[in-house]
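Data first, discussion second: the structure below is written as structure tokens.
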Amino acid sequence: MPFGGDADEATSAQLYRAGRDAGINFFDTADQYNKGRSEEILGALMHAHRDELVVATKCYNPSGSDINARGGSRRHVSRAVEASLRRLRTDRVEVLYLHQYDPLTPIEESMRALEDLVRAGKVLYPAVSNHAAWQTQQALEAQERRGWARLQVTQPMYNLVKRQAEVEILPMAQANGLAVVPYSPAGGGLLTGKYAHKDTATGRLATNKMYENRYGEQWMHEVAAKFAAFAGKRGLHPMSLAVAWVAAHPAVTAPIIGARNLDQLRPSLDAVNIDMTPELRAEIAALSRTPPPATDRLEEQKR
């Protein structure tokens, strides 16, 4: 996401090379990121070794001023993917996410759009992002009734202060055999502890209203402070620990990491070196609020 935005072209190239040197072969972008520049930069960087990579992009959000240049309609999805392929300089993407749920388009139409792209070889694995469990299940059932290619990946928000995915999304994914590739494992940087002093903080939570609203509740900042102290006592970088905690959930395939520069990226890459035992994961989870079960029967959590 930072490519072409917080990270200029030269910095993006450094980040890309560092990821490749660390063994990363899965890159996630979207047509919305920096008005297509993210895809363009990634396309140029990966062109010489495209077949070594798994590439994911997304469509749904507005890609122009035209009122129809958005949403999950068959028209927009087909046109958006063609534009993404041009920017990425490739003939296909491995994973295509519908970036959000479209309440104005029948789910069958959106799934037919994905099916058309799969049959054309332009998308290998259909996927959804920011969809509730019931919305994802609805999409799967529409596909299965018609014999269409099933969704293979879901991408929810998930981190120590955003644990709603544990209630239904992650169990639904496990029940359906869906890969889970969550974003924001460090809560937009909140869990690094860098926002402890709000008057001097810089970064998304300090400059972006969306992130400020997403992580603005006081209890979240209290959890972040406890988490940063917990990591410090163990000699671990809180970013590394946050990524490792998300990655260790049994339903999670791989968390998405990102950075504005190499100094930010290195702790995320170091997450693979943490031995996240079930006991350590439970100790970290206890620092935060456990969401109530789907039935809201709190007594069942004490059994």
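Can you check what the net charge comes to around Lys58, using other residues whose Cβ is under 9 Å from the Cβ of Lys58 (Lys, Arg +1; Asp, Glu -1)?
Once all neighbours under 9 Å are counted, the net charge is -2.
At a Förster radius of 22 Å, what calculated FRET efficiency corresponds to the Cβ-Cβ distance of Lys302 and Ala225, to the nearest 0.05?
Taking R0 as 22 Å, the efficiency between Lys302 and Ala225 is 0.20.
Using the basic label-point model (7 angstrom from Cα toward the beta carbon), what is the Gln137 to Ala149 distance in nanometres?
According to this spin-label approximation, the distance is 2.6 nm.
Scan around Tyr125 for amide H atoms under 5 Å from its own, H built in the peptide plane at 1.01 Å from N, and keep only partners 5 or more places away or cross-chain.
For Tyr125, whose amide H was placed from the backbone, the distant partners under 5 Å are Val95, Leu96.
Counting residues in segment 148-277 as N, plug N into 2.2 N^0.38 Å and put the Cα Rg over that result.
Rounded to two decimals, the normalised Rg is 1.08.
Could you point to the residue in Gly121, Ala18, Leu42 farthest towards the positive end of segment 1-155's charge dipole, with +1 and -1 charges on the Cβ of Lys/Arg and Asp/Glu respectively?
It is Gly121.
Please go through the residue pairs Lys162/Lys226; Lys35/Lys122; Lys226/Lys302; Lys58/Lys209 and name each one whose alpha carbons sit more than 19 Å apart in this structure.
Listed pairs above 19 Å: Lys35/Lys122; Lys226/Lys302; Lys58/Lys209.
Enumerate the amide H contacts of Phe26 below 5 Å, restricted to partners 5 or more residues apart or on another chain; note that Pro and chain-start residues carry no placed amide H.
For Phe26, the qualifying residues are Val54.
Between Asn176 and Glu217, what length comes free when the chain is fully extended (0.36 nm per residue of separation minus the Cα-Cα distance, one decimal in nm)?
Working it through step by step, the gained length comes to 11.4 nm.
Any idea what the alpha-carbon Rg over 2.2 N^0.38 Å comes to for segment 1-155?
Output field value: 1.03.
Charges at C-beta only: +1 for Lys and Arg, -1 for Asp and Glu. How large is the resulting dipole of segment 1-155 about its Cα centre, in Debye rounded to 20?
Here segment 1-155 has a charge dipole of around 320 debye.
Quick one: of the DSSP bridges fully inside segment 1-155, what percent are antiparallel, nearest 5?
Around 0 percent of the beta bridges assigned by DSSP in segment 1-155 are antiparallel ones.
Remind me, what semi-axes does the chain give for its equivalent ellipsoid, largest first in whole Å, using sqrt of 5 times each Cα gyration tensor eigenvalue?
Whole-Å semi-axes of the equivalent ellipsoid: 31, 25, 18.
What number, in percent, do you get for the relative contact order of segment 177-285 if the mean sequence gap of Cα pairs under 8 Å and at least 6 apart is divided by its residue count?
Averaging sequence separation for qualifying contacts and normalising by length gives 32 percent for segment 177-285.
Which of Thr105, Ala285, Val167 sits closest to the plus end of the dipole of the chain, meaning its Cα is farthest towards the positive end, when Lys and Arg get +1 and Asp and Glu get -1 on the C-beta?
Thr105
For the chain, set up a GNM with springs between Cα atoms under 10 Å and report which of Ile67, Ile257, Ile274 has the largest fluctuation.
Fluctuation is largest for Ile67.
Provide the packing ranking of 7-15, 165-173, 181-189, 277-285, i.e. peptides ordered by the mean count of other C-beta atoms within 10 Å per residue, highest first.
Top of the packing list down: 181-189, 165-173, 7-15, 277-285.
About its Cα centre, what dipole magnitude does the chain give when the only charges are +1 on Lys and Arg Cβ and -1 on Asp and Glu Cβ, stated in debye to the nearest 20?
Around 220 debye, computed over the chain.
Report the FRET efficiency, 1/(1 + (r/R0)^6), for Glu82 and Ala13, where r is their Cβ-Cβ distance and R0 is 22 Å, rounded to 0.05.
0.25
Between Lys233 and Asn61, what is the label-to-label distance in nm when each label sits 7 Å out along the Cα-to-Cβ direction?
3.8
Can you show me the helix-derived [θ] at 222 nm for the chain, built from DSSP H runs with n ≥ 4 at -39,500 (n - 2.57) apiece and divided by the number of residues, rounded to the nearest 500.
Estimated from H runs of four or more residues: -12500 deg cm²/dmol.
Can you give the relative contact order of the chain as a percent, counting alpha carbon pairs under 8 Å and 6+ residues apart?
Relative contact order, the chain: 14 percent.
Quick one: what Rg and Dmax do you get for segment 193-262 from the alpha carbons, in Å?
For segment 193-262, the Cα-based Rg and Dmax read 13.3, 38 Å.
What list of ³J(HN,Hα) couplings, whole Hz, do you get for segment 229-235 from phi and the Karplus terms 6.51, -1.76, 1.60, once you set θ to phi - 60° and write x for glycine and proline?
Once θ is set to phi - 60°, the couplings for segment 229-235 become 5, 4, 5, x, 5, 9, x Hz.
Only the coordinates and a few stated rules stand behind these numbers; no lab work does. Small disclaimer: the values here were computed from a predicted structure and weren't measured. Neighbour counts run over all protein chains shown; Cβ positions are idealised from the backbone, glycine included.
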